[in-house]
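Undergrad: My structure is below; once you've seen it, I'll send some questions.
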Amino acid sequence: MVSEVFHSVNKIDSLGLACGVEKFTDDIDLRDMLYVKMLSSPYAHAKIKNIDTSKAESVPGVKAVLTYKNVPRVAHTTAGQGFPEPSPYDTYILDSKVRFVGDRVAFVCAETEKIAEQALKLINLEYEVLKPVFDPRDALKENAPIIHNEKDAKMIIPMFYDPTKNICAAVNASVGDINKGLKESDIVIENEYEIHYASHCCIETHIAIAYIDERGRIVIRTSTQVPFHVRRIIYQCTGIPIKDIRVIKPRIGGGFGGKQEILLEDIVALLAYRLRKPVKFQYTRQEEFVSSRTRHPQIIKLKTGIKKNGIINAIDMDVLMNNGAYGAHALTVGCNSGSKCLPMFNKATDIRFQLKTVYTNLPVGGAYRGYGATQSYFAMGVQVDELSEAIGMDVVEVWRKNHIKEGEGSPVFQMLGEGREGVEMKIGSCGLPECINIGLKKIDWYNKRRKKIRNKNKVRGVGMVCLMQGSSIPEIDMGAASIKMNDDGSFNLLVGATDLGTGSDTILAQIAAETLGCKTEDFIVYSSDTDITPFDVGAYASSTTYLSGAAVMDTANKVKEQIIGVALEMMGLNKKEVIELQNRFAIHKKSGKKVSFREIAYYSLYQKNQFQIGAIASKITHKSPPPFAAHFAEVEVDEETGKVKVVKYVSVTDCGIPINPRLAEGQVEGAVINGISYALTEEYIFNKTGRIL
């Protein structure tokens, strides 16, 4: 039998996507749908002294206007993370204070979008404009404006949080003696690196639809990576009982971390629950840039010591992270800047990591592909270049000498996790040496590195960097799956894991099919419906294949035992006989006797000892094995204009053994384009009042 894993089967939704028949959030028609529009703050920092919605409410077709006066006031976090969340509870459905240009002020729900937009203009507001703070360095100054002075804001896990100083998270961790390590270094380089804002730019902007079902329960259909966290947080902030909330995730038009946030669901849930009619709310593209979530900007002070033999022996990393107006992911993204990067340099015995995440009156940072590691690897990658130049050694050799290798561990793994202490871990496999060798050959490193290729004012060169990430959040997050067998020998696979375009529905079906000796197409996969599918934390932390895939495999093994048990009974064999599952048959290894899955299903459902073949299993992980990569770029720089052209790019990735190589390749290609775009063409530019230009 040909294996179902480790080769590229077609995505199970590929034909539907190509033909335009797959259903996204907006692809349903509901009678009497109402539409929501948002009034956002024109000021970066202000108190709402007075808000009068009477004219807006009198507009024909307007069904409701929400302000801070008529919604529950419950401090919560919008970050879709495990409970208790490692993000501060500093957010309200609506508040009497606004904290960035684009912050929520009011919502109008009306029969059409046009009516809602007209009504927004009739809301009368009086603001007390407060002094804003835009630079994270200024946020820490003695007399800086306090952005969060509400009494009920709090961090519910025991981590540092001081909003009176605009600090929404802080960490100070060390291994060895950093001062001693730097003193013993032959060369020490210290520099500051700034990493800027970025938008996820998903094709589908944030969208949610809520309606009341036939039993009076609220159903939220939403483009989300975290449906179970949506349900829990909606309960937290609205008071609607969890048993009365159902969250459905249809196809998603991109996520990249941005849809790990609960941004629209609270509004549609509250309005549908009150009005008993379907309600839709979708961000415009402008709102998506400003009012959703971004990559966290960081200022990284980095001091690194190196020996003349190329060994990096001391690293002092100080991260100042700008979280914007609210504290979502303030602790975890910052911690990842250390925990995903510093263990790479396994020869460094003296390491210090310091993090301060601060509030400013700018758009809010959140989860974004790379989640903290992106920022620190930029700084560290540049500094490794500088160190290599200082000692006169090829940067490739410096990476080879210093990167963590198979069988090695790092105290940083245990010192830093995603907001809490991490897990002690050793590297089980590391293909980075091979990645480096392949990349060197593909980019023609040694020839191009020696030559300075110039054409008038344009000069070409090559550079490289090595990277590692992680897989899942060990001892914290959990995934689950259930499988049942149908009359014809096919299977229903129900997973809480969220396919956001990555192909996880397909990959999880491949894992189940491999375990049960059948084909991927024998599985009807349904993911992410809080009423029907088992619990899963959602799609984040590079966890779906590793964590949710393990839950699927455990579930399939339970089903496999049941199938074998029925087959033994049908063949009149004792339980010690060996049965193998191949090509939808249970085969007695010794005699060659076989029964089909269809026959087994009929026997179990309709004949002797009737029962439903099926199982459910859940899984947590105990380590976070990192994938590794070596990236090489040939660029052409115009020295007059500063324009950079990418001539050739080589990315070589060790992701373990890919379940579906083509989907893994697509992830790498997408990430490379994402990274090049971020480096060369994407930037948030604000005016002096904090408005994005």
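The values are calculated or read from the model by the stated rules, or taken from the named source; none is laboratory data. This structure is a prediction, so every number in the text was calculated from the model and none was measured. Glycine gets a Cβ as well: all are built from the backbone with ideal geometry, and neighbour counts include every protein chain shown. Ligands, DNA and RNA are stripped out before the accessible areas are found, and what is left, the full protein with its side chains, is counted by its heavy atoms. Shrake-Rupley method; radii C 1.70, N 1.55, O 1.52, S 1.80 Å.
Undergrad: Please find, within segment 637-667, the residue that is farthest from Ser471 (Cα to Cα) out of those that are buried (at least 16 other Cβ atoms within 10 Å of the Cβ) and aliphatic (A, V, I, L, M).
TA: Val650
Undergrad: Of these, Lys590, Lys594, Lys560, which one is more than 29 Å from Val226 (Cα to Cα) and modelled with pLDDT under 95?
TA: Residue meeting the stated conditions: Lys590.
Undergrad: Next question, about the same structure. Could you please give the count of residues in segment 35-50 that are of a type outside the set (A, V, I, L, M, F, W, C), in a strand (DSSP E or B) and within 17 Å of Ile692 (Cβ to Cβ)?
TA: Residues flagged as of a type outside the set (A, V, I, L, M, F, W, C), in a strand (DSSP E or B) and within 17 Å of Ile692 (Cβ to Cβ) within segment 35-50 amount to 1.
Undergrad: What strands (runs of 3 or more DSSP E) lie completely within segment 194-256 and have 2 or more residues being under 20 Å from Phe289 (Cβ atoms) and either open to solvent by less than 10 Å² (accessible area, probe 1.4 Å) or of a type in the set (Val, Ile, Thr) (or both)?
TA: Hits in segment 194-256: 207-212.
Undergrad: Just to verify a result, which residue in segment 61-97, among those that are part of a loop (DSSP other than H, G, I, E, B) and among the polar types (S, T, N, Q), is most open to solvent (accessible area, probe 1.4 Å)?
TA: My answer is Asn70.
Undergrad: If you don't mind, there's one more thing I want to ask. For residues that are open to solvent by 20 Å² or more (accessible area, probe 1.4 Å) and of a type outside the set (D, E, K, R), scanning just segment 330-373, find the one that is nearest to Pro163 (Cα to Cα).
TA: Here the residue is Gln354.
Undergrad: Sticking with this structure for a sec: In segment 115-122, is there at least one residue being of a type in the set (A, V, I, L, M, F, W, C), under 20 Å from Ser292 (Cβ atoms), modelled with pLDDT of 95 or more and open to solvent by 20 Å² or more (accessible area, probe 1.4 Å)?
TA: There is at least one residue in segment 115-122 that is of a type in the set (A, V, I, L, M, F, W, C), under 20 Å from Ser292 (Cβ atoms), modelled with pLDDT of 95 or more and open to solvent by 20 Å² or more (accessible area, probe 1.4 Å).
Undergrad: Sticking with this structure for a sec: Would you mind stating whether Tyr678 is open to solvent by 40 Å² or more (accessible area, probe 1.4 Å) and among the hydroxyl-bearing types (Ser, Thr, Tyr)?
TA: Criteria not met by Tyr678.
Undergrad: Looking at (1) crowded, with 21+ Cβ neighbours inside 10 Å; (2) within 25 Å of Asn191 (Cα to Cα), which is the only condition Val290 fails?
TA: Failed condition: (2).
Undergrad: I've got another one for you. Name the residue, out of Ile563, Ile613, Ile579, that is in contact with a Ser or Thr (Cβ under 6 Å, 6 or more places away or on another chain) and at negative phi.
TA: Ile613
Undergrad: Also: Suppose we filter segment 12-23 for residues that are in contact with an Asp or Glu (Cβ under 8 Å, 6 or more places away or on another chain) and open to solvent by less than 60 Å² (accessible area, probe 1.4 Å); how many remain?
TA: 3
Undergrad: Condition first: within 21 Å of Lys97 (Cα to Cα) and among the basic types (Lys, Arg). Now tell me which residues in segment 10-58 satisfy that.
TA: Across segment 10-58, the qualifying residues are Lys37, Lys47, Lys49.
Undergrad: Additional query: Would it be correct to say that Lys405 is in a helix (DSSP H, G or I), open to solvent by 40 Å² or more (accessible area, probe 1.4 Å) and either touching a Pro at 6+ places or on another chain (Cβ under 8 Å) or of a type in the set (Lys, Arg) (or both)?
TA: no
Undergrad: Further, regarding this structure: I'd like to check something: does segment 98-108 contain any residue that is over 27 Å from the mean Cα position of the chain (by Cα) and part of a loop (DSSP other than H, G, I, E, B)?
TA: The answer is no; no qualifying residue exists.
Undergrad: All but one of (1) in contact with a Pro (Cβ under 9 Å, 6 or more places away or on another chain); (2) open to solvent by less than 10 Å² (accessible area, probe 1.4 Å) hold for Ser376; state the number of the condition that does not hold.
TA: Tallying (1) in contact with a Pro (Cβ under 9 Å, 6 or more places away or on another chain); (2) open to solvent by less than 10 Å² (accessible area, probe 1.4 Å), Ser376 fails exactly one: (1).
Undergrad: Give Val188, Val171 a once-over and let me know the one that is closer than 30 Å to Ile312 by Cα, open to solvent by less than 50 Å² (accessible area, probe 1.4 Å) and touching a residue at least 60 places away in the same chain (Cβ under 8 Å).
TA: Just one listed residue meets the conditions, Val171.
Undergrad: Based on this model, can you work out whether Arg598 counts as open to solvent by 90 Å² or more (accessible area, probe 1.4 Å), under 22 Å from Asp554 (Cα atoms) and more than 19 Å from the chain's Cα centre (by Cα)?
TA: Taking the combined requirement at face value, the residue does not satisfy it.
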